[in-house]
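Take a look at the structure set out below.
The values are calculated or read from the model by the stated rules, or taken from the named source; none is laboratory data. For clarity, every value in this text was computed on a predicted model and none was experimentally measured. When we count neighbours, we look across all protein chains shown, and the Cβ atoms used for this are built from the backbone with ideal geometry, even at glycine.
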Amino acid sequence: MLDPASPRDLAARDLYLSRYGGLTLGASRPGLVVATILRSLVRRPLNAATALGWAVRAVRRAGGPVRVARCLARRDISALTFVVHAFMDADVVAAAQRATEAGVTASDPDVRAAQERSAACSYHMAHPETGELVPACVQHSVLDPAENAQLAVLLPLPSLRPGVTPRAADRREVRAGS
């Protein structure tokens, strides 16, 4: 859908990420997706030209409008979502949650980054005891220590080969709860 060699595609991607990064298009009904896209473009009409240009190029790369229409009619086209998750150290998440609950912005850059990621998180869970909605990383790394202990037994982390030492970043990821 995106040609990394096309400056116009890259500009469309950058525009989307900077202006619409929080826009969720995971609706199961196509009409709702179309309505969401149209509403967002009505709010920022100058972006419509960039979006339309990208759509024309994507349809052309997919075989042209006739082929795309035929595939849509046969339901041969479906959505595919990739989620890239960067785990955070459980201690950093805990410090970020404490700072957030206190209403302060952390001065430590790692903790502040975790606060920002938690604030931007679109995956929240209801805490089973309080019903409070919290980011999943907070739930898993801070609020569920007993479950984490059980998971450590059920899903043990692989050990390193003799003579191999872990990098600092790897050690943080191993301890991360989310």
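Couple of notes before you dig in:
- Residue ID - modelled with the highest pLDDT, chosen from residues in region 5-39 that are hydroxyl-bearing (Ser, Thr, Tyr) and surrounded by 14 or more Cβ atoms within 10 Å (Cβ to Cβ): 6
- Meets criteria (at pLDDT 85 or above and loosely packed, with under 12 Cβ neighbours inside 10 Å) for residue 42: yes
- Within region 120-155, the set of residues being without any contact (Cβ under 8 Å) to a residue 60 or more places away in the chain and of a type in the set (S, T, N, Q) comprises 130, 139, 141, 148, 150.
- Any chance residue 66 is assigned by TED's automatic domain parsing to the domain that holds residue 30 and either exposed (fewer than 13 other Cβ atoms within 10 Å of the Cβ) or of a type in the set (Asp, Glu) (or both): yes
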